[in-house]
Amino acid sequence: MEYQESLYTQLTFHYVNGTSESFNLYAPIESDGTHQTTQLEVRHLLKKDWWIVNLPEQTVFINVDNVLKMEMKPALSQLQGEDVFSNAERVTALNRSR
């Protein structure tokens, strides 16, 4: 299966045990060229206790209690509203001291 790079969103989950894993989500882009569908799905997803990633070879169930952070690339530039820090800039990378 071949996809253009601009047609997918990469999600990376960072778990409480220190591990992480990434998935490429191939979602259709709206007819106006936006990622509106992905933005709505993310808002809906964040309200759930379990996240389901359906891969060609398996289905992965992720319990949100085990997730510390989720990263998404490319950024959802149009994501706005309550609980969103818009126009933010990262100053330092995440550090772990152990």
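The values are calculated or read from the model by the stated rules, or taken from the named source; none is laboratory data. Please read these numbers as outputs of a predicted model, since none were measured by experiment. All Cβ positions, glycine included, derive from the backbone under ideal geometry; neighbour counts span all protein chains shown. To get the accessible areas, we keep the full protein, side chains included, count just its heavy atoms, and leave off ligands, DNA and RNA. Shrake-Rupley method; radii C 1.70, N 1.55, O 1.52, S 1.80 Å.
When the residues of segment 47-72 are narrowed to those that are of a type in the set (A, V, I, L, M) and open to solvent by less than 100 Å² (accessible area, probe 1.4 Å), which ends up farthest from Thr19 (Cα to Cα)? If you could, list the steps in order and put the result at the bottom.
Keep residues of segment 47-72 that are of a type in the set (A, V, I, L, M), which gives 52-53, 55, 60, 62, 64, 67-68, 70, 72.
Those left that are additionally open to solvent by less than 100 Å² (accessible area, probe 1.4 Å): 53, 55, 60, 62, 64, 67, 70, 72.
Values: Val53: 17, Leu55: 20, Val60: 15, Ile62: 13, Val64: 14, Val67: 10, Met70: 12, Met72: 17 Å.
That would be Leu55.
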**OP:** Could you list, in sequence order, all residues of segment 44-88 that are closer than 13 Å to Phe13 by Cα and in contact with a His (Cβ under 8 Å, 6 or more places away or on another chain)?
**Re:** Val67, Leu68, Lys69, Met70, Glu71
